[in-house]
Amino acid sequence: MAGEDQSSAGVAGRYATALFDLAREAKVLDKVETDLNRFGEALNSFEDLTTLIKSPLFSASEQQGALAAILEKLKIEGLTRNFLLLVAENRRLFATPAMLRAFRGLLARHRGEVSAEVLSATKLKDTQRTALKQALKAALGKDVQLEEGVDPGLLGGLVVTIGSRMIDTSLRTKLNSLKHAMNEVG
C-alpha cells in the first residue's frame, strides 16, 4: 500500500510538472489555477465525482464522457480541460487530487510563495483565513498559499502541514494526549 502511494505521488508529480510547464509556456498559469481550483472544489463537494475518479469499474471512455460533461458544466476549457481528459484517457484520474496539490506546490514555488495544507473541523471563515495567512507569513517570511480541507473528526483547531512540518492544534489530538496521560497515571 505504501508503495502505491509513492507511485501515485510520482505519477501526480510528473503530470503536474507537465501541466505547469505547458501553462507557463502558454502564459495561462492563472487561468489553469482558477480552473483547477474550481475542479478541486467540485471534487470536495460531490461524492459522485469522487467515485467517478477513484472507481476502477468505469472504463476510460466512460470516465472521459462523464468528465467532459462535468467540465462543460464547470466552464473549464482549454488547456485544463484537455489535461483532465488526457488524465482520464490514460486511466490516471485516481491521482487527480495529488496532481492538484503538486501543481499548487509548483505554482507557489514559481511565485516565491509557500504552500500549506490546512485541515479544520469546519470551513474557515474569511477572517480566520486572513489571520492564518498573516501568522504563517510572519513565521515563514513568505506569502502563503493555503490548500484547505475539512475534517469534522478534528472537533476543533487546525492541522497545518508545510512541506514536511506539521503543526497539530486540533482538539482531537489534545484529547488523545490527555487520554494517554491519564492512562499512564492510572
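The values are calculated or read from the model by the stated rules, or taken from the named source; none is laboratory data. Because the structure is predicted, anything quoted here is derived from the model rather than measured. Quick reminder, even Gly has a Cβ in these numbers, built from the backbone with ideal geometry, and neighbours come from all protein chains shown.
Some notes on this structure:
- Pairing residues of region 56-67 that are at pLDDT 90 or above with residues that are β-branched (Val, Ile, Thr), at Cβ distances under 9 Å and at least 6 apart in sequence or on separate chains, gives Phe58/Thr51; Gln63/Ile53; Leu67/Ile53; Leu67/Val87.
- Of the set (1) assigned to a helix (DSSP H, G or I); (2) of a type outside the set (A, V, I, L, M, F, W, C); (3) surrounded by 14 or more Cβ atoms within 10 Å (Cβ to Cβ), all apply to Gln145 but (1).
- Among the residues of region 17-35, those identified as over 14 Å from Arg81 (Cβ atoms) and assigned to a helix (DSSP H, G or I) are Thr17, Ala18, Phe20, Asp21, Arg24, Glu25, Leu29, Asp30, Glu33.
- When residues of region 86-122 are limited to those that are at pLDDT below 90 and charged (D, E, K, R), the one surrounded by the most Cβ atoms within 10 Å (Cβ to Cβ): Arg104
- Residue match in region 68-76 (condition: within 16 Å of the chain's Cα centre (by Cα), touching a residue at least 40 places away in the same chain (Cβ under 8 Å) and at negative phi): no
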